Amino acid sequence: MSSTSSDLRPPRCRLLRWSVPRLRAFRRRADRIASDVGSQSNFSRCGALALALTSALAAGLLSSANALAGAVLPESGGSPNADKISDLYEIVLYVGVVVFLFVAGALIYTLVKFRARNGVVAAQIRGNTRLEVGWTAGAALIIVALVVVTFMALPSIQDPAASGTGGLAKANGNLYAVINQPPPPGGQGLTIDVNGQQYIWRFTYPDRTFSYETMVVPIDTTVILKIRAQDVQHSWWIPKLGGKADAVPGYTNETWFKISKAGVYEGQCAELCGRGHANMVARVRAVTPEQYRSWLASQKKEIAASRRFAASQRTAQTPK
């Protein structure tokens with residue numbers, strides 16, 4: 001009776017020859033698992049750090065009162081037309097949120113209810129005419145409703161309002177809105193020419209008094225702006241006082257505002273107009289009618305003094 005050499009080995013040697021490679025394979029697998037766990041823990045630590053930094057940044061933004069001003073809705077609170085613009089945006093936002101939640105909810109419901117399952121064949125759906133007609137008609141009705149609401153709100157945004165009893169009651173009787181704007185009710189308003197220049201705003205008042213960068217106006221008074229550009233295209237924008245109005249060479253654009261309480265309202269040229277665009281700021285300072293008259297008289301004196309000084313300098317430099 002013949003036998004192989006492996007059969008003649010003791011049982012312990014055969015067991016070792018079978019178990020040692022498997023132990024080594026098990027050890028390699030354990031090392032890979034440990035390595036994966038370590039990398040996952042490192043990823044978790046990085047993710048936690050990123051989450052902490054993001055939370056700190058969000059808290060910093062929320063801690064500033066004006067940090068998120070205008071992030072979702074246009075700024076308002078300075079003039080009735082700005083308030084109407086913000087109200088219109090708010091209506092559109094709410095309708096958009098409702099539509100988004102409905103569509104997202106239907107999508108999530110469909111994904112969960114009809115997800116793939118082992119041993120189940122998915123139903124082959126080729127269309128639903130009623131459903132397709134329904135969502136098309138619903139979308140059309142929403143658009144029509146938004147159009148109607150928008151056109152109902154446009155007159156109160158475009159047309160100047162009446163000056164209040166606490167405003168500049170006796171402005172020049174000839175100061176009316178022009179071109180496509182009707183005059184303020186009662187004809188009481190203040191018209192200011194706004195001239196965009198590289199890189200500063202010039203404001204000219206009805207009596208030819210002027211100022212740069214800061215416009216001073218009386219409260220509770222309808223202020224009508226005639227906006228022009230001297231060189232290149234600019235854009236007048238004080239967010240809390242209404243929408244933007246382009247300043248285009250050779251063309252006069254119009255807008256208006258009415259400020260109910262004293263304060264300073266900041267703005268910026270909103271059209272890239274050259275290398276000094278970032279420095280072309282705009283500022284409207286609203287004061288009481290008495291303070292406005294006092295400022296106007298003081299401004300006239302400063303302009304007259306500057307002109308006399310310039311004339312004396314020209315005379316001194318003229319050869320005799």
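The string of couplings for the range 133-138 from the Karplus curve (6.51, -1.76, 1.60, θ = phi - 60°) is 5, x, 6, 5, 5, x Hz, one whole number per residue in order, with x for Gly and Pro.
For residue 235, the residues whose amide H sits under 5 Å from its own are 247, 270, 271, ignoring neighbours fewer than 5 places away on the same chain, with H placed 1.01 Å from N. With 0.36 nm allotted per residue and the present C-alpha distance subtracted, the residue 123-residue 151 stretch has 5.5 nm of extension available.
Arranged from fewest to most other beta-carbon atoms within 10 Å of their beta carbon, 89, 199 become 89, 199.
Annotation: amide H of residue 201 within the under-5 Å range of 213, sequence separation 5 or more or interchain, hydrogens built in the peptide plane.
Out of every Cα-Cα pair that the range 185-316 contains, those further apart than 18 angstrom amount to 55 percent. When both bridge partners sit in the range 185-316, DSSP labels roughly 65% of those beta bridges antiparallel. Listed from fewest to most Cβ neighbours within 10 Å, the set 272, 168 follows the order 272, 168. Loop-located chymotrypsin sites (Phe, Trp or Tyr not before Pro) across the range 242-295 with a Cβ neighbour count of 16 or fewer within 10 Å are 251, with loop assigned by DSSP. Can you tell me how the range 269-320 classifies by the Cα gyration tensor, rounded, prolate or oblate, using a/c under 1.5 as the rounded cut? Taking the square roots of the gyration eigenvalues as a ≥ b ≥ c, the range 269-320 is oblate.
Every number here is computed from the coordinates shown, using simple stated rules; none is lab data. Since the structure is predicted, the reported quantities are computational estimates derived from the model, not experimental observations. Because the Cβ atoms are built from the backbone with ideal geometry, glycine has one as well, and the counts that use them run over all protein chains shown.
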